[in-house]
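The values are calculated or read from the model by the stated rules, or taken from the named source; none is laboratory data. Model, not experiment: these values are computed from the prediction. Cβ sites come from the backbone with ideal geometry, for glycine too, and all protein chains shown count toward neighbours. What goes into the accessible areas is simple: the full protein's heavy atoms, side chains included, and nothing from ligands, DNA or RNA. Shrake-Rupley method; radii C 1.70, N 1.55, O 1.52, S 1.80 Å.
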Amino acid sequence: MSAAKILVLGGTRFVGRAVVASALARGHQVTLFNRGLTNPNLFPDTEVVTGDRTVSLEPLGGRHFDAVVDVAGYDPAVVELSVKALAATVDRYVYVSTLSVYADHDTAAGQREGARLLDPRPDTGPEDRYGANKAACEAVVTTAYGNGALIARPGLIAGPHDPTDRFAYWPRRVAAGGTILAPGDPADPVQYIDVRDLAGWCVEGCGQPWRGAYNIVAPPLPMADFMVACQAVTGVGAKLVWASGDWLHAHGVDPWMGVPLWVGAPGWSAANQVDASQAVGHTGLVARSTEATIADIWEWDTARGGPAPGQEGLTAQGEAALLAQLES
Ligand SMILES: NC(=O)c1ccc[n+]([C@@H]2O[C@H](COP(=O)([O-])OP(=O)(O)OC[C@H]3O[C@@H](n4cnc5c(N)ncnc54)[C@H](OP(=O)(O)O)[C@@H]3O)[C@@H](O)[C@H]2O)c1
């Protein structure tokens, strides 16, 4: 794609940051629209239009762009405001959604692109509400843009600047050595997408005739292989003690955030078995190696000195307490 004018709604936290970096690296002319609160001056040579998307996109003044990447739209009413403001002057709308839009996470089939999505319902739990809202956002974009809409449905996103500690926890923990609590069964699948692969796909999609929704995930790998990759990158051998999913449940471990990368929530048994063959076959999605992702995250995490207190995926004390129960 030749140099294009790309508007990024957001762009300064995690996924958007990678989208902006990818677009700039490809020579595109990028404009960010955000409130100027999160990491201001992150891209000092890049235009930032300041505004609150929940209020109005008026500060953009109806300018023309070749494409918009809407990175962090969560509320359909807010996305509707953006779509209405941009439809007349921007031809292509790339929306970052999520695999959480699917109604069924217990089967791989339930998470294929054509599968049933969640309906927005007031009685849904927080996780479903997130997914239902994202599904409603997708519908807003698709209704307004038709073939000009491109929707990325990533699974867990890993990479430098991840505000969660779900992935960075592991190379840091393996590098620290000692006895390590490993969640689930060694054969359990782990699945994610490197934020830079997702970002590159979104930027590439700005100039391609791709349309509709695509699952954006790397192929799953067994948790045991992930641990081996962490050991290979860090150069530290690990003594792993596996705690089965049943054991973790029985000991009250939170099925989402209790142990990083362990998904033990009921109804999510196939969360890490998502098929991305549409994105691979139709759009050439390429996922970098697990080792490359681990190495870059470890480097970033080490440079920042690990997460702030209270942000750890699992604290040393929490892990020690679980190990003590497991080994007693
Ligand atoms: N993390 C995962 O594993 C995962 C998995 C699947 C899908 N996703 C999706 O990935 C996306 C993650 O987004 P991100 O936070 O990394 O995006 P980001 O674009 O890097 O950061 C969020 C941006 O939104 C801006 N913003 C926030 N409120 C705003 C407002 N009212 N008006 C204008 N700008 C506003 C922030 O800047 P200011 O604060 O300065 O305004 C910031 O630049 C989400 O769509 C999420 O659903 C994440």
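Taking each pair of different alpha-carbon atoms in the range 177-302 once, compute 1/r for the pair, average those values, and report the inverse of that mean as the Kirkwood hydrodynamic radius in Å to one decimal. Numbers along the way, then the final one.
On the way: mean 1/r = 0.0616 Å⁻¹.
For the range 177-302, the Kirkwood estimate is 16.2 Å.
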**Prompt:** Any idea what log10 I(q)/I(0) is at q = 0.15, 0.21 Å⁻¹ for the range 50-176, Debye with uniform C-alpha scatterers and no solvent?
**Reply:** -0.80, -1.20
**Spin-label proximity, A308 to the range 26-55 - amide N less than 18 Å from point 7 Å beyond Cα toward beta carbon** = 36-42
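If you wrap the range 207-246's Cα atoms in a convex hull and average its projection over all directions, what's the area in nm²?
Values: hull surface 22.9 nm².
Its Cα hull, projected and averaged over all orientations, spans 5.7 nm².
Given the alpha-carbon gyration tensor of the range 56-111, what are the semi-axes of its equivalent ellipsoid in whole angstrom, ordered largest first, with each equal to the square root of 5 times an eigenvalue?
Values: eigenvalues 173, 28, 11 Å².
Semi-axis lengths for the range 56-111 are 29, 12, 8 Å.
Return the carbon/sulfur percentage of the accessible area of the range 184-328, one whole number, probe 1.4 Å, all protein chains in place.
Numbers: 3530 of 6460 Å².
Roughly 55 percent of what the probe reaches on the range 184-328 is carbon or sulfur.
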**Request:** Please give every one of the aspartates and glutamates within straight-line cross-link reach of K84, meaning a C-alpha to C-alpha distance under 19 Å, and leave out same-chain neighbours fewer than 8 residues apart.
**Result:** D52, E58, D66, D70, D75, E138
**Item:** Whole-number accessible area per residue in Å² for the range 102-201, which is evaluated in the context of all protein chains at 1.4 Å
**Value:** 36
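Which translational diffusion coefficient, to the nearest whole µm²/s, is obtained for the range 281-328 from the Stokes-Einstein equation, given a Kirkwood hydrodynamic radius over C-alpha pairs, 20 °C and 1.002 mPa s? Don't skip to the answer; put the middle values down first.
On the way: Rh = 13.9 Å.
In µm²/s, the coefficient is 154.
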**Message:** I want to check the label-to-label distance for D104 and D91. Put each point 7 Å from Cα in the C-beta direction and report it in nm to one decimal.
**Reply:** 3.9
**Prompt:** When the Kirkwood radius is taken over all Cα pairs of the range 108-251, what Stokes-Einstein diffusion coefficient follows at 10 °C and 1.306 mPa s, in µm²/s?
**Reply:** 89
**Prompt:** What is the Rg over Rh value, at two decimals, for the range 1-117, using alpha-carbon atoms and the Kirkwood definition of Rh?
**Reply:** 1.01
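For the chain, count all C-alpha to C-alpha pairs, find those more than 28 Å apart, and express that count as a whole percent of the total. Intermediate values should be presented prior to the final figure.
Values: 22666 of 53628 pairs.
More than 28 Å apart: 42 percent of the Cα pairs in the chain.
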